[in-house]
Amino acid sequence: VESRLPLQVWAGKLSGGRVAVVLVNADKTEAKITAKWSDIWMPNGTEVHARDAIGHRDIGSAKDSISVSVQSHDVAALILTP
């Protein structure tokens, strides 16, 4: 979706209207990365349940976008369920 270095947002459609989102930080410092619904096939105004796919934990709900702090040279992988 957004692949300009050093911060990247990648997304893919899953079954049941869910979306997988990967936030990549290739920078030298921690950064907050935002995935906007308009970029990942979600209608604006949609509220989703967000789950950390790597840490196997729920991280709450979000509406219109989701932002996550990602450590330097690391990724965050999320499953968004409307």
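The values are calculated or read from the model by the stated rules, or taken from the named source; none is laboratory data. Since we're looking at a predicted model, the values are computed, not measured. Virtual Cβ from ideal backbone geometry, glycine too; neighbours counted across all protein chains shown. Note: accessible area is taken over every heavy atom of the protein model, side chains too, but ligands, DNA and RNA are not part of it. Shrake-Rupley method; radii C 1.70, N 1.55, O 1.52, S 1.80 Å.
Quick notes on this structure:
- Put simply, when 21-34, 46-59 are sorted by average Cβ atoms within 10 angstrom per residue, most first, you get 21-34, 46-59.
- The apolar share of the surface of the chain, taken as the fraction of accessible area on carbon and sulfur atoms (1.4 Å probe, ligands and nucleic acids excluded), comes to 50 percent.
- Lysine pairs in the chain whose alpha-carbon atoms fall under 22 angstrom of each other, counting only those eight or more residues apart or on distinct chains, come to 4.
- HN-Hα J in Hz across region 54-70 - Karplus 6.51, -1.76, 1.60, θ = phi - 60°, x for Gly and Pro: 8, x, 6, 9, 6, 10, x, 10, 8, 9, 6, 6, 9, 10, 9, 7, 10
- Taking the convex hull of Cα positions in the chain, its mean projected area over all directions (nm²): 4.7 nm²
- Those residues of region 4-26 whose amide nitrogen sits under 17 Å from the label point placed on HIS56, 7 Å along Cα→Cβ: none
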